[in-house]
Amino acid sequence: MSALSRRNVLRGGLVATTAGVVAPGLGRPVAAAGDGVSCPPPPGPAMVGPGDARFQSLATRGYNRRFVGRPEHVWVVGTTAHVVRAVQQAVDSGRRITVRSGGHGFENFVADPAVEVVVDMSAMNGVAYDPGRRAFSVEAGALLGEVYRRLYLGWGVTVPAGWCADVGVGGHVLGGGYGPLSRLMGLSVDHLYAVEVVVVGRDGRARSVVATRELADPHRDLWWAHTGGGGGSFGIVTRYWFRTPGADGDVPSALLPAPPAGVLSFSVSWDWQQLDKTSFARLVRNHGEWAEKHSAPDSPYLALYSELALTRRLSGTVFMIGQVAAESGAERMLDEHIAAINRGVPVQPVRTLRKQPWLAAALAGSPGDPGPVYRLKVKSGHLRRRFNGRQIDALHHHLTRSDYDHPGGSVSLYTHGGKVNTVAPDATATPHRDASIKMFYVNGWEDPRDDARHIGWLRELYEDLYAGTGGAPGPADGAFINYPDTDLADPARNTGAPWHDLYFGDNYRRLQGIKAKWDPRDVFHHALSIRRA
């Protein structure tokens, strides 16, 4: 979830070892078996059951309070060998198993009463440079904020990824990994060199496999599946390695991109009460035109990223946040962005600007403090072309309805494209490489007695917006698997393109073959997981 989406809902020197290279105090090295390195032993494995005081926290830890799991036990693991052990025990006993890293899942893929065993990756949070692979090793339980901090302070580099610092890298990367630097640098998976996965063969034996993007790697298909195929389908990821394609040599600081030294963070708001239907439509149309015009890889505005939140009128304001790389003429670029969006809109927006070092901006909302949690329903979509007039009318209607008195709920429009759109749709499993806007639809509330009403409002908005394509986006635009929505797999709610075509496009058939090869027993599955061919 982006920083804006959460606001909508909530209102030195290096030390070298043979195991890897770590910056002092920034994380333990990843020790290899038999390498003779003396490192503190990793935590776990701990099999925590209902009689343990930790169980309640581990069993219910999740972002969406609509769902509460009831596992028989939770494994807290510290190494890949621990994960293999946990998976093997679950397979041998016939128990359904799943995995959790940051716990930010929006559907009940983990917090499902049918899930009997949860593997909690939070203790596997190492970040190190691996000289053997000339790549940066990031364990799947690391949170994005820690990844940013360790990579930047240790080597001056980063991986382009999400804005919320407390999101776990484990599931985030599997959906592609998108964030405020993606227009400049591409997706997280565009820098993914290798992945370590615990899989289960046809013989029922669990084992770990390292798959790389090397063309000669016999496991390359498993790497490809983890570049946008979503989590919970092929196995349990324990570690990623990142190195930018084409990066040469063995100097770590040259193997991933450097973030901007500073950014201009901004917030812009429009008074809802001054926006009538015509001016609202003009604002949305202007934003869509700007995004279309500047989604190409050669746009001079790649350093600018913004999120426009079309909120309920009862909230008081329509607002936009974002950031611009400070060394790129940031204030001029932002002025032009706001002027283009506000052209012909008779409402003067209020803006707040803040110049920050890049790392300070990246760590805003630091890990370990997710804040209040709510019951949530989310949906997603992409736009290659801006909303048409009928769709803008539908948005205005649902955001201003007088028969629905909840101020929460919004449609957020994220600028997309740039370097993301330089990669072929089949080069990774992430197919949506020609979008100009990514969209996040969300509603949040607290009282479980209001579930039907608040979910109903979001469904009505979404299905009205996409009435021309069966109540869901058209297959050319599609949806985003990291904002999963099981309604898309419900034929009563989606009469258009199949859910798997919306999330994976033409890549789905290849993903099915990989699923059949690497998870032939369908050990890893949920409502939107890849089905075997």
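Summary of values
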{"item": "Residues of segment 380-398 classified as crowded, with 19+ Cβ neighbours inside 10 Å and touching a Gly at 6+ places or on another chain (Cβ under 8 Å), total", "result": "5"}
{"item": "Residue in segment 37-58 that is modelled with pLDDT under 90, touching a helix residue (DSSP H, G or I) at 6+ places or on another chain (Cβ under 7 Å) and not basic (Lys, Arg) present", "result": "yes"}
{"item": "Qualifying residue in segment 196-207 (condition: over 18 Å from the mean Cα position of the chain (by Cα) and at positive phi)", "result": "yes"}
{"item": "Every residue from segment 57-91 that is in contact with a Gly (Cβ under 7 Å, 6 or more places away or on another chain), under 20 Å from residue 139 (Cβ atoms) and assigned to a helix (DSSP H, G or I)", "result": "82"}
{"item": "Search result, residues across segment 451-464 that are out of contact with any His (no Cβ under 8 Å at 6 or more places or on another chain) and either under 22 Å from residue 430 (Cα atoms) or surrounded by 16 or more Cβ atoms within 10 Å (Cβ to Cβ) (or both)", "result": "455, 458, 459, 462, 463"}
{"item": "Which numbered condition residue 377 fails, given (1) assigned to a strand (DSSP E or B); (2) buried (at least 19 other Cβ atoms within 10 Å of the Cβ); (3) over 24 Å from the mean Cα position of the chain (by Cα)", "result": "(3)"}
{"item": "Meets criteria (among the polar types (S, T, N, Q) and at pLDDT 95 or above) for residue 182", "result": "yes"}
{"item": "Sole residue being of a type in the set (Lys, Arg) and either modelled with pLDDT under 95 or touching a Lys or Arg at 6+ places or on another chain (Cβ under 7 Å) (or both), chosen from 133, 100", "result": "100"}
{"item": "All strands (runs of 3 or more DSSP E) inside segment 167-242 with 1 or more residues being touching a strand residue (DSSP E or B) at 6+ places or on another chain (Cβ under 9 Å) and crowded, with 24+ Cβ neighbours inside 10 Å", "result": "192-200, 236-242"}
{"item": "Meets criteria (surrounded by 21 or more Cβ atoms within 10 Å (Cβ to Cβ), touching a His at 6+ places or on another chain (Cβ under 8 Å) and not in a strand (DSSP E or B)) for residue 281", "result": "no"}
{"item": "Test: residue in segment 492-502 that is surrounded by 21 or more Cβ atoms within 10 Å (Cβ to Cβ), under 18 Å from residue 108 (Cα atoms) and not assigned by TED's automatic domain parsing to the domain that holds residue 102", "result": "yes"}
{"item": "Lone unmet requirement of (1) out of contact with any Asp or Glu (no Cβ under 7 Å at 6 or more places or on another chain); (2) within 24 Å of residue 364 (Cα to Cα) for residue 145", "result": "(1)"}
{"item": "Any hit, segment 345-359, residues being among the hydrophobic types (A, V, I, L, M, F, W, C), closer than 30 Å to residue 422 by Cβ and under 24 Å from the mean Cα position of the chain (by Cα)", "result": "yes"}
{"item": "Subset of segment 469-490 [crowded, with 20+ Cβ neighbours inside 10 Å and β-branched (Val, Ile, Thr)]", "result": "481"}
{"item": "First in segment 58-69 and closer than 20 Å to residue 442 by Cβ and not assigned by TED's automatic domain parsing to the domain that holds residue 483, second anywhere and assigned to a loop (DSSP other than H, G, I, E, B) and among the basic types (Lys, Arg), Cβ under 8 Å, 6 or more apart", "result": "none"}
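Quick grid of which residues meet (1) among the hydroxyl-bearing types (Ser, Thr, Tyr); (2) farther than 26 Å from residue 203 by Cα:
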{"site": "86", "(1), (2)": "no, no"}
{"site": "93", "(1), (2)": "yes, no"}
{"site": "96", "(1), (2)": "no, no"}
{"site": "101", "(1), (2)": "yes, yes"}
{"site": "106", "(1), (2)": "no, yes"}
{"site": "118", "(1), (2)": "no, no"}
{"site": "122", "(1), (2)": "yes, yes"}
{"site": "136", "(1), (2)": "no, yes"}
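Residues checked against (1) closer than 30 Å to residue 404 by Cβ; (2) surrounded by fewer than 23 Cβ atoms within 10 Å (Cβ to Cβ); (3) assigned by TED's automatic domain parsing to the domain that holds residue 266:
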position	(1), (2), (3)
295	no, no, yes
304	no, no, yes
308	yes, no, yes
329	no, yes, yes
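A quick yes/no check of all residues on (1) farther than 25 Å from residue 177 by Cα; (2) among the hydrophobic types (A, V, I, L, M, F, W, C):
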| position | (1), (2) |
| --- | --- |
| 113 | yes, no |
| 120 | no, no |
| 123 | no, yes |
| 141 | no, no |
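The values are calculated or read from the model by the stated rules, or taken from the named source; none is laboratory data. Computed from a predicted structure; not experimentally measured. No Cβ is skipped: glycine too gets one built from the backbone with ideal geometry, and neighbour counts run over all protein chains shown.
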